[in-house]
Amino acid sequence: MTTAICHLLESLKCLIKATDTNRYSKMDILDGLVDDEPQFWLRADLDDLKTSGPRNISGNIPNSEKSLDAVSEKLRHIADEAQYTRQGYAFDCLKPYNLDVLPGNIPNVTKSMETIPEKLRHIGDFTTKQFTERKIGPKHFCASSIISTDDHDALKFHQQLCQYEHHVLRTTYEYFLEDLQYIVENMNPKSFLNELCSRNIPNVEKYLSLENDRKTLARTLLQEIFHKGREAVIGLWVSLYVLRKDHGSPTLDAVLEELIHRGGPLVEQILLDKYGHQLPPELTDIQNWHKRHIYMKTEKLIENIPPRCNQEEESFPFCTRYVDIFIVSTDHIRERSENELIMTGVQHEEYLKKKSKKIQRISPNKMFHWCHRSRLIPHMVMVVGVPGVGKTTLMQKFVYDWVKGDLYQRFSFVFFFKFRELNRLDKISLETLILHHYPYLWPQLGNILQDPDKLLFIFDGLNESNQTMDFTSRHLCSDPKQPERCGHIVVSLVRKSLLTGCSVLMTSRPTRLASMDCKVFHRIIEITGFFREERQSYFKNFFRDPELAEKAFTYVKQNDTLYTFCYLPSYCWIICTVLSRSFQTTSSDQQVSLLPRTVTQLIAIFVANILSNHSLEKSGAQKLLQSIGWMAEHGVMNHSIIFDDRDLESFHVDNKSNLLSSFLMESEEPVSYSFLHLTVQEFFSAFVHYADYSPEKLQKSLERAKSHPDGRGEMFLRFLCGLSDATTRSLLTGYLDTRAAQASRDVITWLKNFIIEEQRLEESKDKKRHLLRTFYYLFESRNKALVQESLQLYTELDFSDVHMWDIDCTVLAFIMEICTNIKEINLSGCSLDTKGLERLLPGLNNLQNLSLAGNNLPVTSCIQLASLIRKNQTLKRLDLSFNCLSGPHFSELMDALSSQGCRIEGLSLENNGLSNAEKEEIRRLERHKTNMKILQKKQENHK
């Protein structure tokens, strides 16, 4: 589109914004003219634009020396190269907006718009008749989308959609596009495409070839449907409505409910978020100042101190380093009975398996839109997430997008506070609190607070607050000028007694919220971190060299311990930082440092890299490590992650040391400190016992960590056991106590006694989980002799009905490979899958009895099972009942069972849904292996 026409449309948009009560929809239409929309929606938009509006256009078209006659000539030239002239049609549809006045640098512009279309009518052979024939009214009924079933609700939904104007359908489609992409990705492709075909949407069968590439299928199909226009879009919505019964998901239910119940008002809300409120000039000026100030603080993604010589923070533009994180809507705060990192790390894999059926994904731009759980538009939103999952970064991105105009322009002013910075403030009024952070607002603050519905308050890190927060309190304040405790102000905002109508967005760790009444929040969302694609994207963004990024990511993928925790962005940063040095090569092409295999080794290398690039004498560095180590342990055992100058003084931490900033982050006034990551704090809490050995303190810490039922000491114990390994400990040579070896022996002795205590427990599911926990301690130690000695009395293991995550399988395989004395293991009802079974295989080669019953193992598992049978020629009994082994790979299992090396005497294949042909294979196997007893009769009453 030519510059002059763009200016003309911008002038019209400015006038509409100032004078038209229906300005949002018309401004959006004009944006579509500039943004090169598909032709169908362009024509429909302009039809809607013609309906009503101001009769005069007033505005400037700067920097143009051409008259409209000249513009028309230019459009004729453009028409020679295009079949359809967007500008010509635009002028035709803008006829009602007569050009009585159009000041600017374009001469002879006092002509009526009636004359303009006549000059353009011939362009592109697009006659008046063709305009009429191709025009579709704003409430055109889509006959080809009529419901062919007797589903009354679907028919009613279809009729509702047909009543929507074009711009409503287009705007809602674009608004829900990201949700639609997610829904289609996780829906059965054949069922979805068949339903679309039944709606007379042509040429969708071709997408069956993309069945194994769901992302591409969803993206291209949705794009094509949008380009097909109104009927195709309605057909898509109706198809999803019909499919929701058998292929539904929380995300689909939420989208359909919002579309049905909100409809037209939803479009107004979308457009309000896009264009914002019209403010008086004085507030517009102060708003621009406010946005400039916030932009300076949010435009860069600042990463923590890297282990490099300069010891300076690194910052990157958001677009080069930020990776989207997965956010889900929930209705409760999950209590965490174990260490948050461990708990979420293993459960995160479960999200991968059930996310499409059990989880509602929510985009940041929909946090304050309709919530189908609370059935209202939320004003109070809580964001929950474990340490390092990206809560603060998400808030920064949220504010950054608001400043750029990409998000929630309904909020004229956004105020961002961190709880840790509010901790040491005395009683203060809300007005003073705002001015403390944004002093330039003082001339207009009173006017700003007059419209609370245009305000958003963001409070980051509730778990870091040292004030009591009782969201059920009846003692509330209502005066923004009245001094109160910060916690009291926050509660009053959330409870709507202070600035009624404002919105509040808050973040916290689950542990802080588990004991609080959070019903006051209209929406609770949880950040679950990175999935597979996001993890890989992070590595690509971190490493400038694509080959190095792929090499590093491949290494991590092959290491379950590291890969499991990569759902955390902060963990990805630590891992990438370590591997960026580990994969550096010398002139002899030798790697310069150890590649981590355990979490202990990962953090040890991370710390060693920082220390090796620091100029402080080792004796001075060791003293600092000792002091921050004791402070770290105190924090771990007391659930403290925020420290102030008094804490540093109490533990003799030198806050003037340059090295300190490599491990502790310092906040702005009032000054407070925290470790780079909770895991780094937990590492130092364990490392201090090797850097400043005291047998009394060590024993006391071991017993205390073991006694905490909430799992706060779990990572502390793993790191203690990990550092008992001399190879791992040697990474920090020069910073260790001369008696570090004795500390290692003490830890090993404690671990042996701990395992003996576990043996004495009564049989229970908890005992099984406790035993698996001790296996993690042994895994971190990498001490094969210790594993053999500690578990020499075990001949069988029973983990039946204990959910075995993939990382559990890796740890168990490590133990089983070493302990050849273990001859029997029961893994029935452990929710194993093909991936978990594959990780277990190396540890199953010496077994005599193996039960994998009741895991619903798919037929692809027959490949792994066949491999196991061929390698393990001591296996006598194998229970595969209550799985799903029927299918194309079943014959591979039969071939392995028929092989000469197979020594199995008892085989159970009950309740596998076997076909008659597969049962015949079993009968042939029985005739061939006369000493093998096979059970495969289906027991209908077995549960």
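The values are calculated or read from the model by the stated rules, or taken from the named source; none is laboratory data. Please read these numbers as outputs of a predicted model, since none were measured by experiment. Note that each Cβ is placed from the backbone with ideal geometry, even for glycine, and that neighbours are counted across all protein chains shown. These area figures cover heavy atoms from the full protein model, side chains too; ligands, DNA and RNA do not enter into them. Shrake-Rupley method; radii C 1.70, N 1.55, O 1.52, S 1.80 Å.
For the stretch 338-356, the count of residues that are among the acidic types (D, E), open to solvent by 20 Å² or more (accessible area, probe 1.4 Å) and either in contact with a His (Cβ under 8 Å, 6 or more places away or on another chain) or at pLDDT 65 or above (or both) is zero. Among the residues here, R262 qualifies as charged (D, E, K, R) and surrounded by fewer than 20 Cβ atoms within 10 Å (Cβ to Cβ). When S685 is tested against the conditions (1) hydroxyl-bearing (S, T, Y); (2) modelled with pLDDT under 95; (3) open to solvent by less than 10 Å² (accessible area, probe 1.4 Å); (4) over 16 Å from Q601 (Cβ atoms), the lone failure is (2). Within the stretch 825-852, restricting attention to residues that are within 34 Å of the chain's Cα centre (by Cα) and of a type in the set (A, V, I, L, M, F, W, C), the residue that is nearest to H889 (Cα to Cα) is L837. Here L279 fulfils each of the conditions (1) of a type in the set (A, V, I, L, M, F, W, C); (2) assigned to a helix (DSSP H, G or I); (3) modelled with pLDDT of 85 or more apart from (2).
Across the stretch 659-677, the number of residues qualifying as open to solvent by 20 Å² or more (accessible area, probe 1.4 Å) and either among the polar types (S, T, N, Q) or at pLDDT 85 or above (or both) comes to 1. Taking Q742, is it surrounded by fewer than 17 Cβ atoms within 10 Å (Cβ to Cβ), more than 23 Å from N609 (Cα to Cα), touching a Phe, Trp or Tyr at 6+ places or on another chain (Cβ under 9 Å) and at pLDDT 95 or above? Yes: the conditions hold for Q742. Against the definition (at pLDDT 90 or above, assigned to a helix (DSSP H, G or I) and open to solvent by less than 20 Å² (accessible area, probe 1.4 Å)), how does L907 come out, yes or no? Considered against the rule, which asks whether it is at pLDDT 90 or above, assigned to a helix (DSSP H, G or I) and open to solvent by less than 20 Å² (accessible area, probe 1.4 Å), L907 comes out as no. Regarding D806, is this residue touching a Lys or Arg at 6+ places or on another chain (Cβ under 6 Å) and of a type outside the set (K, R)? Against the criterion (touching a Lys or Arg at 6+ places or on another chain (Cβ under 6 Å) and of a type outside the set (K, R)), D806 qualifies. Restricting the first member to the stretch 163-174 and to residues that are open to solvent by 10 Å² or more (accessible area, probe 1.4 Å), and the second to residues that are among the hydroxyl-bearing types (S, T, Y), the beta-carbon pairs closer than 6 Å and six or more apart or on different chains are H167/S25.
Residues in the stretch 191-208 that are within 26 Å of E258 (Cα to Cα) and of a type in the set (D, E, K, R) were compared, and the one that is surrounded by the fewest Cβ atoms within 10 Å (Cβ to Cβ) is E195.
Screening the candidates Y567, Y555 for the property of being modelled with pLDDT of 85 or more, among the hydroxyl-bearing types (S, T, Y) and either within 26 Å of Y322 (Cβ to Cβ) or open to solvent by 10 Å² or more (accessible area, probe 1.4 Å) (or both) yields one hit, Y555. When the stretch 409-434 is limited to residues that are of a type in the set (S, T, N, Q) and assigned to a loop (DSSP other than H, G, I, E, B), the one that is surrounded by the most Cβ atoms within 10 Å (Cβ to Cβ) turns out to be S412.
F539: open to solvent by less than 10 Å² (accessible area, probe 1.4 Å), out of contact with any strand residue (DSSP E or B) (no Cβ under 9 Å at 6 or more places or on another chain), modelled with pLDDT of 85 or more and under 22 Å from I327 (Cβ atoms), yes or no? Considered against the rule, which asks whether it is open to solvent by less than 10 Å² (accessible area, probe 1.4 Å), out of contact with any strand residue (DSSP E or B) (no Cβ under 9 Å at 6 or more places or on another chain), modelled with pLDDT of 85 or more and under 22 Å from I327 (Cβ atoms), F539 comes out as yes. Just so you know, in the stretch 692-713 the residues that are surrounded by fewer than 22 Cβ atoms within 10 Å (Cβ to Cβ) and in contact (Cβ under 8 Å) with a residue 60 or more places away in the chain include one that is farthest from F606 (Cα to Cα), and it is P709. Of the numbered criteria (1) under 25 Å from L272 (Cβ atoms); (2) surrounded by fewer than 20 Cβ atoms within 10 Å (Cβ to Cβ); (3) hydrophobic (A, V, I, L, M, F, W, C), the one L180 fails is (2). All told, L243 falls short of being under 27 Å from R532 (Cβ atoms), open to solvent by less than 10 Å² (accessible area, probe 1.4 Å) and touching a residue at least 40 places away in the same chain (Cβ under 8 Å). Restricting D654, D692, D737 to residues that are modelled with pLDDT of 90 or more, of a type outside the set (G, A, S) and touching a Gly at 6+ places or on another chain (Cβ under 9 Å) narrows the list to D692. Determine if the stretch 502-511 includes at least one residue that is open to solvent by 10 Å² or more (accessible area, probe 1.4 Å) and more than 27 Å from S674 (Cα to Cα). No, the stretch 502-511 has no match at all.
None of L771, L778 is buried (at least 18 other Cβ atoms within 10 Å of the Cβ), of a type in the set (A, V, I, L, M) and under 30 Å from Q622 (Cα atoms) except L778.
Scanning the stretch 435-453 for residues that are assigned to a helix (DSSP H, G or I), more than 11 Å from S412 (Cβ to Cβ) and either open to solvent by less than 60 Å² (accessible area, probe 1.4 Å) or in contact with a Phe, Trp or Tyr (Cβ under 6 Å, 6 or more places away or on another chain) (or both) yields L435, H437, Y440, L441, L445, G446.
Taking every residue in the stretch 475-502 that is under 23 Å from Q409 (Cα atoms) and pairing it with any residue that is open to solvent by 40 Å² or more (accessible area, probe 1.4 Å) and not in a loop (DSSP other than H, G, I, E, B), at least 6 positions away or on another chain, the pairs with Cβ-Cβ distances below 8 Å are G501/D453; C502/D453. The set of residues from the stretch 209-221 being open to solvent by less than 30 Å² (accessible area, probe 1.4 Å) and under 23 Å from the mean Cα position of the chain (by Cα) comprises L217, A218.
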